[in-house]
Structure formats: structure tokens, C-alpha cells
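Q: To start, I am sharing the structure in question, which I have written as C-alpha cells.
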Amino acid sequence: MLELQSITKRYRSKTALDDVSLLLEPGIWGLLGPNGAGKSTMINIIAGLLAQTSGAVLWDGVNIDSLGASYRAALGFLPQSAGLYDYFTARQYLRYMCALKGLYTKPGERKKRELHISQMLETVNLTADADRRTRTFSGGMKQRLGIAQALLGNPKLIILDEPTSGLDPQERVRLRNAVAALAGSRLIIWATHIVSDIETIAHRVIMLKDGKCIAVGSPAELASGMDGQVWSLTIPAEKTDLYRANYTLGNIIVSGSAAQLRIIHNEKPHPDAVSAEPGLEDLYLLRYEEVSK
Ligand code: ADP
Ligand code: MG
């Protein structure tokens, strides 16, 4: 169990995290928010790489500052911009990361290490490419290798900071499925600004805005808070801008001269509007809308 107690982080005059308190039990947690919300700051503090200005991070009830190596052994981390060593093959890279993490370093553990590495490569679907140099890898393959690296040693806490950045839609889906299959008794934190990355796989979502935690709950709980505020309305396409100026809009489907709008508003926007099933994206659009309407 991971606990954040009143975490505040200031970079000179900028408050990047403002008194965030959270209790995270095992499962997949989506850390959602637009760029600048404070996601990486929170992740780097949890990873023990960045010192908070005030507050504490506890792992199973103990301050991580006093856990040291045993906390690092429990932790797998994929930073926002992970550099690989291009001249390594995938397998060599994982050997190197094992060495850095102090895993299977004793004499006689070589076989165990090789088996573990092969299993991790299999988990992220890189078995066929294990002995190719990573400089020939696509963005998605590099990210999946980054995940394999985070999984070495079977850590109880896995933190992924924007793992799908730069991936094409197929690679996104593959990565999502790979992570969903890992959940079990682990705590996985997935930071992203893309609702669809986490909507279907996260057990809990934390919404971060300007360094503050503005909502926590399961995707269904968060979406149901939008009941009665999401509408579907078909209008003449040329009126779209008028609606855009007055309402928060979700998807717009234009067919011929008509436009079907998804409107997020606390009242029925038009007598012909039909209530629609809310989703997490509707809440995201509403809460992060820059201009309040
Ligand atoms: P996110 O990961 O959600 O995009 P970050 O945690 O990277 O957000 O940044 C949160 C805020 O803190 C942003 O306004 C960012 O500009 C600021 N920030 C991040 N790192 C630093 C730094 N080293 N020095 C000053 N400001 C920073
Ligand atoms: Mg970030």
C-alpha cells in the first residue's frame, strides 16, 4: 500500500503539487491530467528521485526515505523519457538493467537471470526481437522494452509515466493489454493525459489539475457523476461554432449538412437534445476546459 501524506512540491515560485493526500491499494491506477498538471512531479517523488517540499510518502506504512534499498527493490519505474542504449540488443539491455538493480548478481544465478529476462521479453511480446539491437526498434517496441525493464525483479510497485507517448494506435492497444495482464497483487500507476489509455484498464483514476487532486474514483464512479449532463443533439452543421461558444463539446460527427454534437452541460441544451451515457472523457473535457462557460 502506498500513501501520500500532504505532499507539496514547489519549484521556486511554482507550486507543482499542492497538498496531495492519497491512499493507493494494489490495482491499476490512472494518473490523469493535462500537461503541466503535476503528474511527473508526483511520479518522481513517489519514485524517490525528487524531494518534496513538504509531506511524506509511505510504503506499507513506512516512510520511503528510511526504506532505501528495500524500497528500490520493490519499485519498477518507466520515466517519461527513457533513453535506451542503442547498441544493446533487447536482451543485453535487460541484463544490464538487472546488474544496475542488483538482481541475480550472485555467482550461479546466471541461468535464473536469463530465464527471468526471457519471461519479461515474452510478457511484453518481444521474444522474436530479443537479440536485435534496440536502435532498429519502433517507438512501441522501445516502450515495451522499457516496461520489461520496469518489471525486472517482479516489483510490487510499477510506475509508468506517459508510456504511450509516440505510439501508434495499435501499439497503444498492445501496451494497454500487456499492462492490464500484469495487475494481480501489484500496484501500477500509469500517468497519462489520454483518457482512452486508462479508461478501460484502470481500477481507480486520480485526476490532477494545477497540482491538486480534483477527483479520485473508479472510471464508472467518475463517469456516473456526469449523469444527466451529457447530451446528444443533431443541428445544422453551420451552427456548430455557436454551440462551441456556449457549451463544452465532445465528439462532433458531421454527415452532409448535419452535425451530431455531444454536449456536456448541466441542463438540457435544446428541447430536441437526447440524454447520452456519460464516460470518463466527458468529465475530463468538463474539468479541464480552459475557458469556463
Ligand atoms: P505533467 O507531468 O503533468 O505534465 P509536471 O509535473 O512535469 O507536469 O509539471 C508540473 C508543473 O511544474 C508545470 O507547470 C511545470 O512547468 C513545472 N515544473 C516541472 N519541473 C520543473 C522544474 N524543474 N523547475 C520549475 N518548474 C517545473
Ligand atoms: Mg509529465
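We did not get these values from a lab; they are worked out from the coordinates using the rules stated. Since we're looking at a predicted model, the values are computed, not measured. Here the Cβ is made from the backbone with ideal geometry for all residues, glycine too, and neighbour counts use every protein chain on show.
Q: Taking the Cβ of Asn125 as the centre, find all other residues whose Cβ is under 10 Å away and add up their charges (Lys, Arg: +1; Asp, Glu: -1).
A: 0
Q: Related question: Report ³J(HN,Hα) in whole Hz for each residue of segment 109-125, in order, from the Karplus equation J = 6.51 cos²θ - 1.76 cosθ + 1.60 where θ = phi - 60°; Gly and Pro get x.
A: With the stated coefficients, segment 109-125 comes to 9, 4, 4, 4, 4, 4, 5, 4, 4, 4, 5, 5, 5, 5, 4, 9, 6 Hz.
Q: Which distance in nm do the two modelled labels at Tyr11 and Arg110 give, with both placed 7 Å along the Cα-to-Cβ direction?
A: Simple spin-label model gives 4.5 nm for this pair.
Q: Which value does Rg/Rh take for segment 77-217 over its C-alpha atoms, Rh per Kirkwood?
A: 0.99
Q: Further, regarding this structure: At q = 0.09, 0.15 Å⁻¹, what is the log10 ratio I(q)/I(0) for segment 179-293, with the Debye formula run over Cα points and no solvent?
A: The Cα Debye sum returns log10 ratios of -0.29, -0.72.
Q: Here is a further query. On a 0 to 90 degree scale, rounded to 10, what angle separates helix 169-180 from the longest Cα axis of the chain?
A: 60 degrees
Q: Distance between the C-alpha centers of segment 31-60 and segment 73-113? Whole Å please.
A: Computed from Cα coordinates, the inter-centre distance equals 24 Å.
Q: Suppose we look only past 27 Å in the calculated P(r) of the chain. What percent of the Cα-Cα pairs does that tail hold?
A: 49 percent
Q: Return the percentage of antiparallel bridges among DSSP beta bridges fully within the chain, rounded to the nearest 5 %.
A: The answer is about 65 percent antiparallel.
Q: Magnitude of the Cβ-charge dipole of the chain, K/R +1 and D/E -1, about the Cα centre, nearest 20 debye?
A: 1380 debye
Q: Starting from one equal scatterer on each C-alpha and no solvent at all, send me the Debye-based log10 I(q)/I(0) for segment 117-186 at q = 0.24, 0.25 Å⁻¹, two decimals.
A: Log10 I(q)/I(0), no solvent term: -1.17, -1.26.
Q: Within the chain, what's the longest stretch lacking chymotrypsin sites (Phe, Trp or Tyr not before Pro) that sit in DSSP loops with no more than 15 other Cβ atoms inside 10 Å?
A: Longest site-free region, per DSSP loop and neighbour criteria: 88-293.
Q: Let me ask another. State the three equivalent ellipsoid semi-axes of segment 1-156, derived from the C-alpha gyration tensor as the square roots of 5 times its eigenvalues, in descending order and whole Å.
A: Semi-axes from the Cα gyration tensor: 31, 19, 13 Å.
Q: Taking a ≥ b ≥ c as the square roots of the eigenvalues of the Cα gyration tensor of segment 165-212, is the shape rounded (a/c under 1.5), prolate (a/b larger than b/c) or oblate?
A: Oblate.
Q: Could you tell me the calculated FRET efficiency between Ser218 and Asn177, based on Cβ-Cβ distance and R0 = 25 angstrom, to the nearest 0.05?
A: So the FRET efficiency works out to roughly 0.80.
Q: Quick one: if the Förster radius is 51 Å, what FRET efficiency do Ala237 and Gln119 give, using the C-beta to C-beta distance and rounding to 0.05?
A: The pair Ala237/Gln119 has a calculated efficiency of 0.45.
Q: Which FRET efficiency, nearest 0.05, do Asp227 and Ile253 yield, Cβ-Cβ r, R0 30 Å?
A: Efficiency at R0 = 30 Å is approximately 0.85.
Q: Can you give the helix-only mean residue ellipticity at 222 nm for the chain, where every DSSP H stretch with n ≥ 4 adds -39500 (n - 2.57) and the sum goes over all residues, rounded to the nearest 500 deg cm²/dmol?
A: Dividing the helical sum by the residues of the chain leaves -9000 deg cm²/dmol.
Q: On the first, second and third principal axes, largest extent first, how far apart are the outermost C-alpha atoms of segment 12-91 in Å?
A: 43, 31, 28
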